[in-house]
Amino acid sequence: MMASTEGKKKKIRLLFVCLGNICRSPAAEGIMATVVKKHDLQDIIEVDSAGTSGWHEGELPDERMRLHGERRGYNFDSPARKFRKSDFDDFDYILVMDRQNFSTVRSLATGKEQTDKIHMMTEFSRQYTHHDHVPDPYYGGTSGFELVLDLLEDACEGLLQAIKRKYGL
Ligand code: 4NP
């Protein structure tokens, strides 16, 4: 019998990063998981999220973020964890929500290979190109959470298209 290489293919791993890992990045993780499934790529692409702070470690996403997500059919349920240096080895793309996240993650990177993995999420926007970051909704009202979802739904589709092109999927 021929030795099977099935199951040994390296996965493409995506890590979404914000400050608290309770609003934007768990939403990005949940939306991207849905987009990946829609394109039937769940065996190839894996998603996770983290915060540059450990302030909410172990907590479920913010209730407001969960509620706004539920209204669009998502279930954001990934517990918060802090970004760690080993994430540079474990992930292919590190997608940050704003400039502050970018600087923090960038300061932990060693070498070009790690630095090149860091991308602003809005780099992949298709419709919302006038937004250069995903604004922090934590201290704001309802519209902030809706904007986060609009921006992320758009950028997640753009990200998937970019990955498909890059890897010939
Ligand atoms: P996130 O939002 O970075 O999108 O998860 C925040 C969550 C918590 C805090 C700030 C932003 N905080 O100050 O606790």
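Given a 1.4 angstrom probe, what's the average accessible area per residue across the chain, in square angstrom?
That works out to 54 Å² per residue.
Rounded to the nearest 0.05, what FRET efficiency is calculated for Leu169 and Gln127 with R0 set to 30 Å and r the Cβ-Cβ distance?
0.85
Could you work out the relative contact order of region 43-147, using alpha carbon pairs under 8 angstrom and six or more residues apart, expressed as a whole percent?
So the answer I get is 23 percent.
Counting Lys +1, Arg +1, Asp -1, Glu -1, what net charge surrounds Tyr93 among other residues with beta carbon under 14 Å of its beta carbon?
-3
Which distance in Å, rounded to a whole number, links the C-alpha centroids of region 67-130 and region 29-53?
Value for the Cα centre distance between the two parts: 12 Å.
Tell me, what % of the accessible area of region 12-167 is carbon and sulfur with a 1.4 angstrom probe?
Accessible surface attributable to carbon and sulfur in region 12-167 totals 48 percent.
So how far apart, in nm, are the two label points at Glu146 and Ala162 if each is 7 Å from Cα heading toward Cβ?
It works out to 2.7 nm between the two label points.
Any idea what diffusion coefficient region 110-169 gets from Stokes-Einstein, in µm²/s, Kirkwood Rh on alpha carbon pairs, 4 °C, 1.567 mPa s?
Once the numbers are plugged in, D ends up at 101 µm²/s.
Can you tell me how region 6-60 classifies by the Cα gyration tensor, rounded, prolate or oblate, using a/c under 1.5 as the rounded cut?
Taking the square roots of the gyration eigenvalues as a ≥ b ≥ c, region 6-60 is prolate.
Would you report the distance distribution of C-alpha pairs in the chain as whole percents per 5 angstrom bin, up to the bin with the largest distance?
2, 9, 18, 22, 22, 15, 7, 3, 2, 1, 0, 0, 0
The values are calculated or read from the model by the stated rules, or taken from the named source; none is laboratory data. All figures in this text were calculated on a predicted structure; none of them were measured in a lab. Positions of Cβ are generated from backbone atoms using ideal geometry, with glycine treated the same way; all protein chains shown enter the neighbour counts. Surface areas here come from the heavy atoms of the whole protein model, side chains and all, with no ligands, DNA or RNA. Shrake-Rupley method; radii C 1.70, N 1.55, O 1.52, S 1.80 Å.
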